[in-house]
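No lab work stands behind these numbers, since they all come straight from the coordinates. Please read these numbers as outputs of a predicted model, since none were measured by experiment.
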Amino acid sequence: MFELSREEYQEIIRSQNATLEQGAYSRYLPFAFTEHGLLMLSNVLKSERAISMTIRIIDVFVKMREMLANHTELYGIRR
């Protein structure tokens, strides 16, 4: 788990479809999980809902990795 930088957080806020008023969001920076951090968290959280959400989020990581492998121009590396 890591804390987003101010720039990363501002980019997320700008990319949202809904317009937020000044001060309508937290003044604290949010935390994010890496794929491996999510796997470690899933070993602690044992409810059915936690397990279901963990599987869904891991599926998203897998799809992102596949998309980046197929579209290397998205992160600036040429095959």
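Mind listing the phi-derived Karplus ³J(HN,Hα) values for region 44-52, rounded to whole Hz, using 6.51, -1.76 and 1.60 with θ = phi - 60°, and x for any glycine or proline?
9, 8, 10, 5, 4, 5, 4, 5, 4
Pull out the extension gain between THR72 and PHE33, defined as 0.36 nm times the separation in residues minus the alpha carbon to alpha carbon distance; nm, one decimal.
Roughly 11.7 nm would be gained on extension.
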